[in-house]
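Comments concern the structure below.
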Amino acid sequence: MNVSPTERNQAHLSENEKVSFEENPRPNFEIPIYNDVERVDQTDLSFAAILKGTAANPLNTFEKKAALINVEIDKFGLGKYQICIWFLCGFGYFLDLAWSQGVGLISTAIYQEMGVPDTKTGNIFAIANAGLAVGALGFGLAVDVIGRKWAFNLTCLITSVFGLLLAAPKYNYSAICGIYFLASLGLGGNIPIDATIALEFLPQKRRFLVAFLAMWQPIGVALASAIAYGTAAKPAWRCDPKLLSCRAVAAGKPCCTVSSNMGWRYNVIILGCMTLAVFVLRYFVFTFHESPKFLLARGREAEAIEVLHKIAKFNKQPPPALTLEMFAAIDDQVSSSENMATGDPQSTAATTKKVISGFGKELARLKGIFTNRLSALTFVLLAIAYMGDYWSFNLAGAFLPIILFRNNVNNGRGSVSDTYQQYMIIYFPGIIGAALALFSVNLPLLGRKWSLVFSAICQGLAMAMYTQVDSTVAFVGLNALEYIMQTYFNAILYASAPELFDTVYRGSVSGMLSCTGRLAGIVAPYAGAQFLAAKSSGILWLGAGGIWLSSLAMVFLPVEMKNRQMF
């Protein structure tokens with residue numbers, strides 16, 4: 001018996017999601033609904049709704065059409081294409097912290113060889129954060145202008161090229177900082193782009209897997225720690241900690257030479273090769289199709305449906321039932337026009353020609369975020385959370401390893417090798433944080449919102465308690481706890497922020513939020529370096545204060561995305 005597209009859609013939807021189709025060129029139907037909050041006919045921004053996370057706007061034309069794409073993606077389930085996307089996006093998360101951790105752990109070797117004073121130790125991290133900020137903003141806008149596909153690949157290519165060059169400079173700290181800035185341009189786009197892409201291809205019931213992408217971050221940190229242990233911590237490739245830089249001693253006296261300090265260079269070469277391998281997988285091995293929702297947002301509805309057919313074929317699933325007539329029916333139902341881009345399929349040459357003008361239009365279009373009260377409030381609160389998070393993250397990542405290193409080596413409590421072993425003990429348990437995020441986002445009393453509040457409070461407490469201890473065991477234990485909670489918080493934040501905005505704005509907003517966080521990260525190392533030079537515990541209180549500010553902001557996050565559609 002032949003089954004019509006209408007009947008196939010009806011069979012897929014649950015009772016509270018039923019769509020009433022009629023077989024005619026302009027079918028009349030109701031939009032698929034996953035949560036009663038999506039039925040509101042006017043904006044609800046009451047204080048009670050904000051605290052409960054039930055604030056909402058009426059669905060616009062784009063969202064109604066995107067709901068039909070959600071139906072098709074839900075039918076695919078967690079297919080082969082979605083699994084490949086999840087892993088490739090996970091590799092982006094992996095690289096983000098592998099580089100951050102890798103450079104953080106070799107920084108003491110760089111400082112020693114280059115003769116960098118304590119007051120300038122924060123320069124490399126601040127400059128890297130400037131690159132991450134520019135990269136996050138630039139690629140965030142690019143992903144909404146030129147599409148997900150090219151931005152997805154360029155981030156890894158840029159990072160790998162300049163990451164490999166990082167091993168070249170000799171006795172030139174400024175050159176190292178400059179090259180790391182360029183590598184960070186690509187690295188900065190990873191998280192906002194990868195979370196955006198994963199969200200747009202995963203089915204509704206598997207969206208929690210976006211939070212679980214964060215498991216790749218502690219894996220990246222742990223592997224970077226292991227690589228550093230095998231390179232920068234080896235006595236054969238690491239200067240004696242008591243030697244000064246050759247730039248700071250007279251000729252002929254024992255000093256830290258390039259040839260005796262090659263470990264950190266081997267470290268960045270390995271990281272660069274891993275990044276290049278990820279680029280090869282993304283570009284040459286896997287065929288990545290443009291996001292159907294991005295194409296829909298650009299008015300390229302026929303292409304969006306075509307991509308759904310290609311994914312269905314890759315997954316060996318029945319072809320989708322979605323048709324252009326269904327989109328046209330929604331247009332007929334809308335009395336006022338929506339601010340949606342339109343256009344025909346673009347060639348590569350035409351796309352390239354319009355990139356610069358596209359960025360200008362993108363900036364003008366972004367005002368729509370702030371003319372809507374709900375999205376404006378959400379953006380401001382998330383920006384505060386990102387700034388507090390990156391502030392705390394950078395202080396912990398840049399200075400906790402140095403504090404532990406000096407506690408061991410300078411005070412005679414352990415060797416350089418012992419310290420790098422402890423780094424691995426600290427960061428391997430970070431996977432626990434990702435697992436906590438995976439489960440808590442679907443718990444009735446926690447969800448996204450209160451999981452963010454809880455994890456941020458715990459992270460700040462771990463940093464505050466760090467000021468009250470003075471033993472290696474306590475340092476390692478509290479640092480591990482801090483990192484577990486940091487991973488827990490970041491897993492949910494990175495997954496939730498893109499969920500809260502439509503595809504029309506998603507990449508740009510994710511990039512802007514990441515940029516605000518990176519800007520806070522630029523200032524944090526400078527502030528921390530002054531306390532490090534004074535041997536003050538103020539670094540830890542700065543970190544705790546930043547993440548507690550994030551926790552407070554999340555109390556007022558107006559939308560809880562658990563069981564709500566993502567458009």
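Quick one: what pairs do we get from segment 444-467, first residue closer than 16 Å to ALA434 by Cα, second buried (at least 19 other Cβ atoms within 10 Å of the Cβ) and of a type in the set (Ser, Thr, Tyr), C-beta under 6 Å, 6+ apart or different chains?
If the second residue must be buried (at least 19 other Cβ atoms within 10 Å of the Cβ) and of a type in the set (Ser, Thr, Tyr), the pairs left are LEU446/SER440; ARG448/SER496; SER451/SER440; VAL453/SER551; SER455/TYR488; ALA456/SER550; ALA456/SER551.
Return yes or no: is ALA66 out of contact with any Gly (no Cβ under 8 Å at 6 or more places or on another chain), of a type outside the set (D, E, K, R) and either within 15 Å of PRO32 (Cβ to Cβ) or not in a helix (DSSP H, G or I) (or both)? Even if it seems obvious, please write down each step before you answer.
Working: out of contact with any Gly (no Cβ under 8 Å at 6 or more places or on another chain): yes; of a type outside the set (D, E, K, R): yes; either within 15 Å of PRO32 (Cβ to Cβ) or not in a helix (DSSP H, G or I) (or both): yes.
Criteria met by ALA66.
Return only the number of the condition from (1) modelled with pLDDT under 95; (2) part of a helix (DSSP H, G or I) that SER455 does not satisfy.
Answer for SER455: the failing condition is (1).
Given the conditions (1) assigned to a helix (DSSP H, G or I); (2) over 21 Å from the mean Cα position of the chain (by Cα), which single one is not true for VAL469?
Here VAL469 clears every test but (1).
Hey, can you tell me all the residues within segment 418-464 that are more than 23 Å from the chain's Cα centre (by Cα) and under 17 Å from ALA497 (Cβ atoms)?
none
In segment 399-451, what residues are at pLDDT 80 or above, of a type in the set (Val, Ile, Thr) and part of a helix (DSSP H, G or I)?
Across segment 399-451, the qualifying residues are ILE425, ILE426, ILE431, ILE432.
Among the residues in segment 522-539, are any closer than 25 Å to ILE432 by Cα and either in a helix (DSSP H, G or I) or out of contact with any Pro (no Cβ under 9 Å at 6 or more places or on another chain) (or both)? Quick ask: steps written out before the conclusion?
Quick first cut of segment 522-539, residues closer than 25 Å to ILE432 by Cα only: none.
Within segment 522-539, none of the residues are closer than 25 Å to ILE432 by Cα and either in a helix (DSSP H, G or I) or out of contact with any Pro (no Cβ under 9 Å at 6 or more places or on another chain) (or both).
Find the helices (runs of 4 or more DSSP H) located wholly in segment 243-335 whose residues include 2 or more that are open to solvent by 20 Å² or more (accessible area, probe 1.4 Å), and list them. Step through it out loud before you land on a result.
Details: elements: 263-280, 292-297, 301-315, 324-333.
Result: 263-280, 301-315, 324-333.
Pull out all pairs, ordered by first then second residue, where Cβ-Cβ is under 6 Å, the residues are six or more apart or on different chains, the first lies in segment 279-294 and is under 26 Å from PHE567 (Cβ atoms), and the second is basic (Lys, Arg) and surrounded by fewer than 17 Cβ atoms within 10 Å (Cβ to Cβ).
HIS289/LYS310
Filter segment 111-170 down to residues that are modelled with pLDDT of 90 or more and among the aromatic types (Phe, Trp, Tyr) and give me whichever is farthest from PRO498 (Cα to Cα).
Taking the candidates together, the pick is TYR111.
When you check VAL380 against the structure, is it open to solvent by 10 Å² or more (accessible area, probe 1.4 Å) and modelled with pLDDT of 80 or more, yes or no? Full working, then the answer.
Numbers: open to solvent by 10 Å² or more (accessible area, probe 1.4 Å): yes; modelled with pLDDT of 80 or more: yes.
It is true that VAL380 is open to solvent by 10 Å² or more (accessible area, probe 1.4 Å) and modelled with pLDDT of 80 or more.
Do you know which residues across segment 226-242 are closer than 24 Å to TYR180 by Cα, in contact with a Ser or Thr (Cβ under 8 Å, 6 or more places away or on another chain) and assigned to a helix (DSSP H, G or I)?
Across segment 226-242, the qualifying residues are TYR229, TRP237.
So how many residues does segment 424-471 have that are open to solvent by less than 50 Å² (accessible area, probe 1.4 Å), under 25 Å from MET566 (Cα atoms) and of a type in the set (S, T, N, Q)?
So the count comes out to 3.
Looking at (1) more than 22 Å from the chain's Cα centre (by Cα); (2) open to solvent by 40 Å² or more (accessible area, probe 1.4 Å); (3) at pLDDT below 90, which is the only condition ALA232 fails?
(2)
Could you list, in sequence order, all residues of segment 472-500 that are more than 17 Å from ILE219 (Cα to Cα), polar (S, T, N, Q) and either under 21 Å from the mean Cα position of the chain (by Cα) or open to solvent by less than 20 Å² (accessible area, probe 1.4 Å) (or both)?
SER496
Among the candidates LEU271, LEU281, LEU223, LEU213, which residue alone is modelled with pLDDT of 90 or more, of a type outside the set (Lys, Arg) and over 19 Å from SER160 (Cβ atoms)?
Details: LEU271 fails: over 19 Å from SER160 (Cβ atoms); LEU281 fails: over 19 Å from SER160 (Cβ atoms); LEU223 fails: over 19 Å from SER160 (Cβ atoms).
Step by step, each of LEU271, LEU281, LEU223, LEU213 is checked, and only LEU213 is modelled with pLDDT of 90 or more, of a type outside the set (Lys, Arg) and over 19 Å from SER160 (Cβ atoms).
The values are calculated or read from the model by the stated rules, or taken from the named source; none is laboratory data. Keep in mind that this is a model prediction, so the values were computed, not measured. For neighbour counting, all protein chains shown are included, and Cβ atoms are generated from backbone atoms with ideal geometry for every residue, glycine included. Surface areas here come from the heavy atoms of the whole protein model, side chains and all, with no ligands, DNA or RNA. Shrake-Rupley method; radii C 1.70, N 1.55, O 1.52, S 1.80 Å.
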